[in-house]
Structure formats: structure tokens, C-alpha cells
Amino acid sequence: MHLAKRIISVAPSATLAVSNLAKQMKAKGEDVIDLSIGQPDFTTPAFIADAAKAAINSGAASFYTAATGIPALKAAIAGHVERQTGVHYTTKQIAVTTGAKLALYGLFQVLLDPGEEVLIPLPGWVSYVEQVRLAGGVPRPVPSHAHFKVTVDDLEAQRTAKTRALVINSPANPTGTIYTKQELTLIGNWALQHDILVVADDIYRDLLFNGAAYTSMIEIDPEITKNTVLISGVSKSYAMTGWRIGFAAGPEKLISAMATLLGHATGNPTTAAQYAAIAAFDSDGRSVEQMRLAFEDRLNTLYPLVTKVPGFDLPDKPQGAFYLFPNVKRAAQLTNYNSVDDFVSALLAETGVAIVPGRAFGMPDHARLSYATAKPDLIEAVARINAFVGAN
Ligand code: PMP
Ligand code: GLU
């Protein structure tokens, strides 16, 4: 069977691969604790699900909508973003998509000509690199130094005449790192100066812990806002990963190009899910806060335990999202594995604890643990990891 070069060169999503493997093991009755995939273990709040049920019952959910979503949802998104950041987007500046994943995918499709480059700070979420490749672009990884963050100097070292965009994901997957306002100001001005579009992936912005301060790239300066596309969605904040609603907000020209693309690609995001998302974005945030508190408690429980595991190194406590990204190279050595990849595979096979190898995020000596899982399971997972690495 002939396959296009476009897809042959692309690696499957490692987060989905590990989580599928964990699911298969569970289905066979194995005792698996899945810390691989980044998805809240909570179910969607009832008032959100009820809004979808009402749209189904009334018949409204039976029909196609505009390719970029129903106006009421765009208005709800605009209202929500404005309340959080003070930045106003018109409905023409917003495209609702089938998950934030498709917002990013579509953005790279309409932005990049063959060979054009996107700066992707490492470590970074697994799909950025492959989505850029799928758009015919060239991902330019930017290694981070201190605290998993990149500076203007790091970015400048990778800039070429073909650089079109830069991804900033704060709080970050897989590290939970947050960029400060000052760091974003420097990066945002640098991008502006070089006409490099900033892709601000703020999908974890509601999950901030232990009083961490947060500023979005879009709220620093109106000129930087105009040079930025905001990407976000309902998956993480509202426990709605399965509903597949995300959005892009930014320059009208880009959003209108995305509308053309989406019109041919998806038609529209599932209508019932759009009605659910209206309820989410219009809500008072109490359910978000309840879940945030649970994640914070898990972080505060898990972080000290994980840093005590022999060979697990993680000097900075994460400030957001729901991941830990320790360096586990010493643990692999202690257990006589040649690589962290082998260590992670053996950990799953022998203890049933599923984590994701750091290679997928561009840092092969690390591994990612998601703590979007019940606390007793997190504690049990660390006990198994400790036993595996031979701790007393
Ligand atoms: N950005 C980041 C950084 C992510 O971790 C994810 C994974 N959920 C997404 C975007 C896409 O999220 P979704 O498609 O579920 O909205
Ligand atoms: N973004 C989540 C993760 O990193 C969900 C899986 C995915 O889309 O990669 O685990």
C-alpha cells in the first residue's frame, strides 16, 4: 500500500501510544496505574452535560453549524477571555475547533509554506513538531536551559530568515512551568521585532498552583496581542477532553483562512459539544476551582514523594498543569537499563505503572508523570516505582 511521504515521516503520538497500551493491559485484567495521558480523571460537571442534553432534546444539536462554530459560543469564548485577560476579541477573530489540537493543526496549515520554520521550545508537547511537519513546515526545536524555559538568546540562536512562528505553552506540558510576565514581555517584543507570530497555547491556564502568578502572552501589550494567536479549549479546565472543543483567537486574516480550511476539513465541531462549551465558558468557575484544588493537593502530595525516589531528579516544583517531568537517567542506570525508554517500558511491564518517556517531548533523559489521577493511585504508583528501583 502506497502512503504519502507526508505521513511516513511523522511519528505517532507517544502520549496516545502509551495510554493505549495501558488501556489494553487494563482490558486484559492487569493492575495498571495510568500516569501517561494528560486528562482529568473527573467527569464533566453535570450543568455542562445538561446543556448538551438540552440541545439534543430541542433538536438544535441535529444540524451543521458555521464551520468556525455557533455565534453564541464565540460570544461566550470572547466574554470568558475578556474576563480573564481584559483582551477583547470579536467573533470574527475566533474559530472554534475540534479540540485545541485541531486549532493548532489548522493554524500551522494556513500559516506555513513548505520549508518555513516554527520555533518549538524543548521540552514541548509531542504534537507541535509533528503538526508543523504535517503542514510542510520545519520544526526548529529550541533547547531550554534553566528551569525548562527558553530565553530570547535561545530563540535568537535558532532564528532564520524562514522563521514564521514561535510556540509558547504556559503553563507547560510536560513540565508545569510558567513564564513570568517579564520573560513573556522580552520574548513577545523579540517576536514582534522579527515578525514572528507567537502561538500562545494557554490550555492549562486555569490550573495554577500554590499561589503561582500568571500572565498570558495576549495581555502584555496590544502590539504583542496583534502578533499572537491564542489557543485554548475546554478539555483541561472543565474535564471535557472527550467533547473535543478548542479554539483559536487572533488576527482576522488568519482566522478567516482557518475558516476556509475547517469548512473543508470538519465542517464544524460537533454541535451538541458546542452547546456544552457555552455552558462551560459562561459558568462562574466554581467547578474549575474544585478540580484545581484537587490537582493542587495531588501535586503537593506527589512532588515530595517523587523527588525522594532514587535516581529521580526534579529540582523545581511545577507551578501549573498536571505533570511532573523528572530527569530519571540515574534511575535507569541504577536498574541497569540502557536508556530511559527501556526503563519506562520495563516499569510498565513489571509494575503496571504507565509514564511517558521524555524523548517524545525532546528530552530523552526525562519521563513524564501525569497526576490527573486519584491520590491513592498516585501514592501506590510511587510505592511501585520505589520497589522497582530498589529503594527500601
Ligand atoms: N496543547 C497542549 C499543550 C496539550 O497538552 C494538549 C493536550 N490535551 C492540547 C493542546 C490539545 O488539547 P485538546 O485537543 O484536548 O483541546
Ligand atoms: N495533551 C495530553 C497529553 O499530553 C493528551 C494527549 C495528547 O493529545 O497528546 O497527554
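The values are calculated or read from the model by the stated rules, or taken from the named source; none is laboratory data. Remember, predicted model here, so these are calculated numbers, not experimental data. Don't worry about glycine lacking a Cβ; one is built from the backbone with ideal geometry, like all the others, and counts go over all protein chains shown.
See the values below:
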| read-out | value |
| --- | --- |
| Members of the range 76-100 found to be touching a strand residue (DSSP E or B) at 6+ places or on another chain (Cβ under 7 Å) and either in a helix (DSSP H, G or I) or at pLDDT below 95 (or both), listed by number | 77, 78, 81, 93, 99, 100 |
| Test set (1) more than 25 Å from residue 222 (Cα to Cα); (2) buried (at least 17 other Cβ atoms within 10 Å of the Cβ) - residue 154 fails condition number | (1) |
| In the range 290-311, the residues that are without any contact (Cβ under 8 Å) to a residue 40 or more places away in the chain, surrounded by 15 or more Cβ atoms within 10 Å (Cβ to Cβ) and out of contact with any Lys or Arg (no Cβ under 8 Å at 6 or more places or on another chain) | none |
| Members of the range 1-59 found to be out of contact with any strand residue (DSSP E or B) (no Cβ under 8 Å at 6 or more places or on another chain), charged (D, E, K, R) and part of a helix (DSSP H, G or I), listed by number | 5, 6, 50, 53 |
| Some residue of the range 361-377 being within 16 Å of ligand 1 (Cβ to nearest atom) and assigned to a helix (DSSP H, G or I) | yes |
| Any hit, the range 307-318, residues being assigned to a strand (DSSP E or B), touching a Gly at 6+ places or on another chain (Cβ under 8 Å) and under 18 Å from residue 357 (Cα atoms) | no |
| Sole residue being under 17 Å from residue 261 (Cα atoms) and among the small types (Gly, Ala, Ser), chosen from 115, 176, 136 | 136 |
| Residue satisfying all of: in the range 60-69; hydrophobic (A, V, I, L, M, F, W, C) and in a helix (DSSP H, G or I); farthest from ligand 1 (Cβ to nearest atom) among these | 60 |
| In the range 321-338, residue nearest to ligand 1 (Cβ to nearest atom) [restricted to those that are over 17 Å from residue 390 (Cα atoms) and touching an Asp or Glu at 6+ places or on another chain (Cβ under 9 Å)] | 326 |
| Residue match in the range 31-45 (condition: among the β-branched types (Val, Ile, Thr) and closer than 22 Å to residue 282 by Cα) | yes |
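The rows are residues; the columns are (1) within 16 Å of ligand 2 (Cβ to nearest atom); (2) in a loop (DSSP other than H, G, I, E, B); (3) without any contact (Cβ under 8 Å) to a residue 24 or more places away in the chain; (4) in contact with a helix residue (DSSP H, G or I) (Cβ under 8 Å, 6 or more places away or on another chain).
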position	(1), (2), (3), (4)
164	no, no, no, yes
178	no, yes, no, no
182	no, no, yes, no
186	no, no, no, yes
224	no, no, no, yes
